[in-house]
Each structure stands twice: as C-alpha cells, then as structure tokens.
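I have placed the structure first, in the form of structure tokens, so that the comments after it can refer back to it.
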Amino acid sequence: MSVLRDGSNVVSEGITKDLVQAVHDQEEMQAIQAPIVSSYNERIRPLLDCIDRLRNLKVMQEGIQLPTIVVVGDQSSGKSSVLESLAGISLPRGQGICTRVPLIMRLQSHPSPEPELSLEFNGRVVPTNEDHIAEAISVATDEIAGRSKGISKVPLTLIVKKNGVPDLTMVDLPGITRVPVHGQPEDIYEQISAIIMEYIKPEESIILNVLSATVDFSTCESIRMSQKFDKMGERTLAVVTKADKSPEGLLEKVMADDVNIGLGYVCVRNRIGDESYEEAQAVEATLFETHPLLSKIHKSMVGIPVLAQKLVQIQATIISKCLPDIVRKINDKLSTSVAELNKLPQQLKSVPEAVTAFMRIISSAKESLRKIFIRGEFDEYPDEKEMHCTARLAEMLSDYYEDLQLISIKVEQKQAFLEEEISILEEAKGISLPNFLPRKAFRTSLQKMVMAISATPAGFVNKFWEYLQGVLVPVLMKHSDNYPQLQPSIRRAAQNLVSKKREQSADWVSQIIEMEKLTDYTCNPEYSATWHDLMESQDRFMDIINDRCNDCTKSTTLEINGIGEVEVGHLRNHLVVAQEAFDLKMRMTAYWKIVLRRLVDSMALHLLFSIQNLVNKDMETEMVNELMGTHGGALERMLEESPPIAGKRYRLNGSIKLLRESKEIVAEIMDKIAAYAD
Ligand SMILES: Nc1nc2c(ncn2[C@@H]2O[C@H](COP(=O)(O)OP(=O)(O)OP(=O)(O)O)[C@@H](O)[C@H]2O)c(=O)[nH]1
C-alpha cells in the first residue's frame with residue numbers, strides 16, 4: 001500500500017474527497033513516466049484559461065476566491081527550484097530570500113518550439129526570454145518591493161508558453177523565515193506569514209508544501225502554517241526536495257506521514273548548478289531508479305513528471321468542483337452591486353430636481369418624526385429604546401411628578417409640624433376678627449412652596465429638549481444620508497430650532513410659576529374633599545395639645561390621613577394659633593396636590609403641542625431658511641455629488657463592469673462544459 005493511501009485515510013468529504021480520489025486514479029495509471037503534455041491538457045486548458053482570465057480581471061477583489069495552487073515552504077527549501085523544474089526555465093535561486101513578492105506562474109503548453117515568456121506587473125507586460133528570465137524577475141521584484149530585502153504582497157505574473165510544459169498556474173510565495181537577515185525589516189516573519197495566510201486560507205487553495213529532505217518535517221514553519229488552515233492536510237500536497245542530499249531514512253519519513261499530508265508526497269531532485277533541464281531530468285530519473293535507498297520509494301511518488309501529472313489532475317478537479325460556486329458568487333455579487341447602485345440617490349442635474357429631492361427629504365423625515373413623536377410607532381427603530389419617544393416622554397413626566405413631590409416633602413420636613421404655618425400667621429396678624437384665617441397667610445405659604453419647586457420645571461424643560469434634539473438630529477441625518485453636503489446645514493437648522501423651542505418653553509414655564517404664585521384657585525372638587533378628610537383629625541389634634549385625653553400624657557403623636565404620623569407636643573406652647581395653623585396646613589396640603597398635578601398636566605400638554613408644531617410647521621420653515629436663505633446655497637450644493645457618494649458610485653460601476661465581464665467568461669466555459677457532456 002502506498003503512502004498516499006495511508007495519508008488519505010483522514011479525508012472524508014467535499015472537494016478534498018474528490019481531490020484525493022483524483023490522485024488515487026492517477027496513481028493507478030500505468031504510465032508513470034507521464035508525458036507532461038497530454039490530450040488531457042487540452043480538456044483542462046479552457047478551464048484553466050477561464051480561471052486565469054478571472055484572476056487577471058482581479059475578480060478576487062470582489063471577494064470571489066479562485067482555485068489556486070499555492071507554493072509554500074521554509075526559506076531555501078527549494079520552492080523556486082521545483083517551479084523551475086516544472087517550467088524548464090531558470091528562476092532566481094540561491095541561499096537567503098529570493099522570492100520577495102507573490103509570483104503567479106502560468107505555464108501553458110505551446111505548439112511552437114520557440115518559447116514565449118513575459119512578465120506582467122504594475123499594469124505592464126514585459127516580454128522576456130529564457131536566458132534573461134531570472135534577471136527580469138529580479139528587476140521586476142526590485143521595482144515592486146524595493147531594492148533592499150523587503151517583501152510586498154503585490155503579485156508579479158510570469159507567463160511561460162513553452163512546448164512540453166504542463167498547463168498549470170501556481171503562486172510561489174516568499175519563503176518563511178523567523179530571523180531577519182541584514183536589510184530586512186524586523187517584522188519580516190509577520191509580513192511573510194500574513195501574505196501566506198491570505199493565500200492558503202481560502203478553501204479553494206491547494207497547498208503545495210515544499211519540504212527539504214534534509215530537515216525534520218515536523219519542525220518546518222510551512223507545515224505549522226498550513227496546518228493552521230488545513231489541519232488534516234486534506235488540501236495539502238508535499239514535495240520533498242533535495243532527495244539526493246538526504247536519501248537516508250527518506251522512505252521511512254514519507255511512509256510515517258507524521259505531518260498529515262492528505263494529498264500525498266512526491267520526492268524530487270531538482271536541477272543543480274549549471275545542469276541543463278534535460279540533464280537534470282535524466283539524473284533524477286536514474287537516481288530514483290538506481291539509488292539503493294531511493295529506488296525503494298514507490299514510483300508514483302517520485303520525480304518531477306509525476307509531480308506535474310498530479311498537479312494537473314488536482315488542478316482540473318478543484319477547478320471543475322469550484323466553478324459552479326464561482327458562477328453563483330459572480331451572479332450574486334453582480335445583483336447585489338446593481339441593487340446597491342440603484343439605491344444610490346439619483347444624480348441631480350437641475351435646480352428643480354434639487355428642490356424636489358430636498359422636499360422629499362423634508363417630507364420623509366416629517367413622516368418618521370410623526371411616527372415616533374406623535375403616533376408612538378417605532379418600526380423604523382425597533383431596537384433603539386431612545387427612539388421610542390412616546391414611552392420615554394411618559395417616563396420623563398412621571399419622574400418629573402415624583403421629583404416635585406420629593407422636593408415638597410423635603411420642604412415640609414425642614415421644620416417641626418405647623419412651625420412654619422405659625423410663623424406665617426404671626427406675621428399676617430392684623431386688626432381683624434380672631435379665628436378668621438387671613439387669605440394673606442395662605443398666599444404666603446403658597447408662594448414659599450412654589451418658590452421651593454420653581455427650578456424643577458425649568459430643569460425638566462431643558463432635559464426634555466435635549467432629549468428631543470438627540471432624536472431629531474439622527475432622524476434628519478438618516479433621511480439626508482444621500483446628501484452629506486447638506487447635513488451640516490440640516491444639523492444646524494435642527495439645533496437652532498430646538499434652541500428656539502427650548503426658550504419658548506422656558507418662558508412658558510416661568511409664566512406658569514408666576515401664575516401659581518399669584519393666584520390660589522381651582523375648580524377641582526377634590527380640593528374641598530381632601531381638606532375635609534384632613535380636617536377630621538383636627539379635634540384629636542386639639543385634644544392632644546390641650547391634654548384633654550386619657551393617653552395624651554403618654555404619647556403626643558397624631559396620625560393624619562394622607563400625611564402620616566406627626567409629633568405635636570411642641571404645639572402646647574402655641575395653643576392660641578394652633579387651630580388656625582392646623583387649618584392653614586390642611587388647606588395648603590389639599591391645594592398643593594392640585595398645584596403639582598396641574599404643573600405636570602400642563603407641562604405634558606405644552607410639550608406635546610410644541611412637538612406637533614415643530615414637526616408640522618416650524619421644522620420646514622427653519623430648514624428652508626437655513627438651507628436656502630442668505631447663507632444657504634444648498635440647492636447648488638445638491639447638484640454637486642458628494643465625494644463619498646461619487647466614490648461609491650465609481651466603485652460600484654467598476655465592480656459591475658468587472659463582474660459582467662467575469663460572468664461572460666464563465667458563461668463561455670459553462671457552455672463548453674455542457675458541450676463536452678453532450
Ligand atoms: N542538491 C539539491 N539542491 C537543491 C535541490 N532543490 C533546491 N536545491 C538548492 O537549494 C537552494 C535553495 O533553493 P531555492 O529554489 O532557491 O529555494 P527557495 O525555497 O525558492 O528559496 P527562497 O525563495 O529564497 O525561500 C538552491 O541552492 C538550490 O540549488 C535539490 O533537489 N537537490
């Protein structure tokens with residue numbers, strides 16, 4: 001049984017299952033000395049061309065991954081030498097880092113005996129030839145990544161059209177090194193890792209892991225890295241180079257498969273020094289046939305021709321497997337981009353068009369504001385609690401009522417029971433009948449209470465308008481999203497409007513406070529009812545302070561309905577005014593309830609009225625004045641498309657063009673596949 005079979009036990013499903021099967025089928029082929037060019041190539045050539053054309057179009061920029069054979073390996077493991085052997089050309093080779101940019105190598109079998117080589121990078125095509133290719137790659141690398149030893153993720157494409165090469169596209173990546181050599185940036189490892197990961201992460205990538213026979217595979221960085229994304233090695237094929245240098249134990253190493261290589265191992269001996277490719281091929285073939293140790297390795301696992309055959313097979317399988325998905329993704333992305341483009345605001349060409357667009361912003365914003373401020377519908381902002389305005393406003397009003405009550409209680413608790421009332425009555429004394437509660441005393445008491453809470457309504461009004469601004473501005477911004485050039489003016493208009501409204505509310509509140517101070521009136525029958533209830537405790541009160549009850553010596557506390565328990569013992573020194581003071585206190589208590597409710601009720605009506613006016617009338621006027629008034633010029637600004645929208649339109653048009661071209665390319669190949677199937 002071959003190592004390949006052992007190694008593939010772990011593979012179970014999906015693309016990788018097909019891949020492993022493909023490799024098995026090939027293993028069964030008797031023609032181990034596979035001709036690099038075969039009729040098989042002619043079948044996969046169109047598939048490969050299609051993928052290469054998509055790669056050239058840069059369809060990957062649109063997030064569409066293409067099946068790619070990615071060559072990874074530790075530094076100097078022999079990656080470039082393997083590619084050279086496959087392509088039969090010279091690449092920059094040597095000790096230390098040679099590959100400094102991703103090198104996309106497209107090998108194409110070509111009928112003419114004259115090879116054609118060219119490099120594509122930075123939008124240019126540079127023709128070259130076999131004698132100068134290594135030098136041309138070094139020059140292009142310097143141009144992309146600079147002359148020092150730095151690296152770059154900008155790829156360089158090498159097209160090799162040559163008689164006898166396999167139809168293959170592979171990406172050679174910089175070798176992994178942990179220690180920066182002279183002239184390399186300190187973070188070279190991180191930079192190289194980032195590039196490698198970007199290429200090997202997609203499920204569509206086949207990892208060609210180049211391992212030197214001279215090292216322990218489990219210590220290779222490239223194995224560690226490929227296992228991060230392909231833990232079971234299901235899409236990893238290992239090429240073991242330098243078999244000639246380290247033949248001892250190689251068979252055992254690949255048989256043991258300690259590093260989980262699902263797609264199997266191929267051991268090779270690359271060209272060395274000045275050998276020609278023909279010489280190198282012959283030396284390799286002899287080595288694996290005659291070497292006492294290497295000849296024991298199964299023939300399906302040795303030599304560059306076997307590697308070429310395997311890669312061609314794997315590539316064909318992965319491409320045909322991925323193609324339907326690529327077609328679907330291209331179609332999906334195309335319809336998403338077209339829909340996004342259609343959603344962009346229409347490019348305005350004239351002032352009437354700009355006026356219409358402006359009026360549309362106002363009316364759509366108004367409708368949203370009516371929903372959230374007035375009708376309490378928050379379907380546009382289901383999860384943003386702050387935007388559920390009617391509920392928040394109701395909460396704010398109930399907090400406001402509680403605040404007013406708390407302040408009133410604190411004022412009452414400042415002095416002992418009736419002490420305040422007694423002092424007011426003392427000062428309100430005049431030449432008049434006794435036992436006749438002077439109106440002046442009631443007014444004084446009322447004014448003191450009103451003064452104590454007077455700052456609260458003003459504070460509440462500020463808090464409310466601040467909240468309203470926090471809702472109004474985002475709603476307006478959302479509706480004017482397509483015209484960012486208008487947004488500063490719209491924001492300013494909204495802020496000005498809220499300031500004006502806040503001032504109006506502040507004036508209204510101070511008037512309300514003044515009115516409450518001036519007049520003590522209510523038509524609410526609850527006032528009299530409450531006063532009567534409270535006065536029911538008066539007799540008991542008088543008994544306690546006159547010491548006329550049995551238990552009065554023991555306890556001088558009195559329970560009053562609606563007020564609670566109060567200490568009255570200190571009032572025995574004020575027997576003359578105590579009764580009047582009690583009456584004054586109870587009248588004030590009953591009336592104050594009415595005052596507080598009136599303050600909250602009228603605040604609610606005032607605010608809702610203000611909101612209605614703001615949404616229905618004032619907002620439009622303010623916007624028109626701000627945007628079209630003397631400092632406006634908004635309509636002219638609307639005619640110039642904003643840079644972000646123009647940028648988005650440009651980007652979407654670019655994507656759509658690219659995706660349409662891609663769609664045509666894949667449509668062609670799908671037709672061909674359908675023709676084959678027939
Ligand atoms: N003896 C022998 N030497 C080899 C073999 N393969 C590669 N080499 C030598 O190993 C050295 C490194 O090979 P490269 O192909 O440059 O390695 P690389 O992985 O591309 O190097 P970087 O891109 O710099 O990471 C070169 O001197 C090659 O000639 C082989 O099979 N046998």
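The values are calculated or read from the model by the stated rules, or taken from the named source; none is laboratory data. Just so we're clear, the structure is a prediction, and the values are computed from it rather than from any experiment. FYI the Cβ positions are ideal-geometry reconstructions off the backbone, even for glycines, and counts take in every protein chain you see. SASA here: full protein model, heavy atoms, side chains in, ligands and nucleic acids out. Shrake-Rupley method; radii C 1.70, N 1.55, O 1.52, S 1.80 Å.
What to note about this one:
- Looking at ILE133, ILE144, ILE159, ILE207, just one residue is touching a residue at least 40 places away in the same chain (Cβ under 8 Å), β-branched (Val, Ile, Thr) and within 15 Å of VAL71 (Cβ to Cβ), and that residue is ILE207.
- Test: ILE69 is within 16 Å of the ligand (Cβ to nearest atom), under 41 Å from the mean Cα position of the chain (by Cα) and either at pLDDT 90 or above or in a helix (DSSP H, G or I) (or both): yes
- Among residues of segment 252-261 being open to solvent by less than 40 Å² (accessible area, probe 1.4 Å) and modelled with pLDDT of 90 or more, the one that is farthest from the ligand (Cβ to nearest atom) is ILE261.
- Among (1) closer than 30 Å to LEU334 by Cα; (2) surrounded by 15 or more Cβ atoms within 10 Å (Cβ to Cβ) - the single one VAL125 does not satisfy: (2)
- Screening LYS463 against (1) over 30 Å from THR557 (Cβ atoms); (2) without any contact (Cβ under 8 Å) to a residue 12 or more places away in the chain leaves a single unmet condition, (2).
- Checking each residue in segment 420-438 for being part of a helix (DSSP H, G or I) and either of a type in the set (A, V, I, L, M) or touching a residue at least 40 places away in the same chain (Cβ under 8 Å) (or both) picks out GLU421, ILE422, ILE424, LEU425, GLU426.
- Positions within segment 273-298 being acidic (Asp, Glu) and surrounded by fewer than 16 Cβ atoms within 10 Å (Cβ to Cβ), in sequence order: ASP274, GLU275, GLU278, GLU279, GLU289
- For segment 326-341, the criterion of being away from the ligand (no atom under 16 Å from the Cβ) and either touching a strand residue (DSSP E or B) at 6+ places or on another chain (Cβ under 7 Å) or not in a helix (DSSP H, G or I) (or both) is met by none of the residues.
Here's the yes/no breakdown for (1) part of a loop (DSSP other than H, G, I, E, B); (2) among the hydroxyl-bearing types (Ser, Thr, Tyr); (3) touching a Leu at 6+ places or on another chain (Cβ under 7 Å):
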{"position": "THR214", "(1), (2), (3)": "yes, yes, no"}
{"position": "MET232", "(1), (2), (3)": "yes, no, no"}
{"position": "VAL239", "(1), (2), (3)": "no, no, yes"}
{"position": "ALA243", "(1), (2), (3)": "yes, no, yes"}
{"position": "LEU251", "(1), (2), (3)": "no, no, yes"}
{"position": "MET255", "(1), (2), (3)": "no, no, no"}
{"position": "ASN260", "(1), (2), (3)": "yes, no, no"}
{"position": "GLY273", "(1), (2), (3)": "yes, no, no"}
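- Complete set of residues in segment 191-226 that are surrounded by 15 or more Cβ atoms within 10 Å (Cβ to Cβ), over 16 Å from GLY264 (Cβ atoms) and polar (S, T, N, Q): GLN191, SER193, SER205, SER212, SER222
- Per-region count, segment 177-190, residues more than 17 Å from VAL154 (Cα to Cα) and surrounded by 20 or more Cβ atoms within 10 Å (Cβ to Cβ): 1
Table: residues versus (1) assigned by TED's automatic domain parsing to the domain that holds TYR483; (2) surrounded by fewer than 16 Cβ atoms within 10 Å (Cβ to Cβ).
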{"residue": "GLY629", "(1), (2)": "yes, yes"}
{"residue": "ALA646", "(1), (2)": "no, yes"}
{"residue": "ASN653", "(1), (2)": "no, yes"}
{"residue": "ILE656", "(1), (2)": "no, no"}
{"residue": "ILE669", "(1), (2)": "no, no"}
{"residue": "ALA675", "(1), (2)": "no, yes"}
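- Matching residues, segment 587-614, being crowded, with 20+ Cβ neighbours inside 10 Å and either touching a Lys or Arg at 6+ places or on another chain (Cβ under 8 Å) or among the small types (Gly, Ala, Ser) (or both): ALA590, SER610, LEU614
- When LEU518 is tested against (1) open to solvent by 40 Å² or more (accessible area, probe 1.4 Å); (2) more than 50 Å from the chain's Cα centre (by Cα); (3) modelled with pLDDT of 95 or more, only condition (3) is not met.
- Residue list for segment 554-573, restricted to those being closer than 18 Å to ILE422 by Cα and loosely packed, with under 15 Cβ neighbours inside 10 Å: GLU567, HIS570, ARG572, ASN573
- Filtering segment 450-490 to residues that are open to solvent by less than 20 Å² (accessible area, probe 1.4 Å) and either within 25 Å of SER423 (Cβ to Cβ) or not in a helix (DSSP H, G or I) (or both) leaves VAL450, ILE453, SER480, LEU486.
- Verdict on ARG106 being away from the ligand (no atom under 16 Å from the Cβ), part of a loop (DSSP other than H, G, I, E, B) and of a type in the set (Lys, Arg): no
- Residue within segment 354-362 that is under 28 Å from the mean Cα position of the chain (by Cα) and closer than 30 Å to ARG491 by Cα present: yes
- Within segment 213-244, the set of residues being within 15 Å of the ligand (Cβ to nearest atom) and within 15 Å of VAL302 (Cα to Cα) comprises ALA213, ALA238, VAL239, VAL240, THR241, LYS242, ALA243, ASP244.
Here's the yes/no breakdown for (1) closer than 19 Å to LEU311 by Cβ; (2) within 13 Å of the ligand (Cβ to nearest atom); (3) among the aromatic types (Phe, Trp, Tyr); (4) part of a strand (DSSP E or B):
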position	(1), (2), (3), (4)
LYS149	no, yes, no, no
VAL154	no, no, no, no
LEU158	yes, no, no, yes
GLN191	no, no, no, no
LEU211	yes, yes, no, yes
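- Pairs with Cβ under 7 Å, 6+ apart, first in segment 567-585 and within 15 Å of LEU534 (Cα to Cα), second in a helix (DSSP H, G or I) and among the aromatic types (Phe, Trp, Tyr): PHE582/PHE541; LEU584/PHE442
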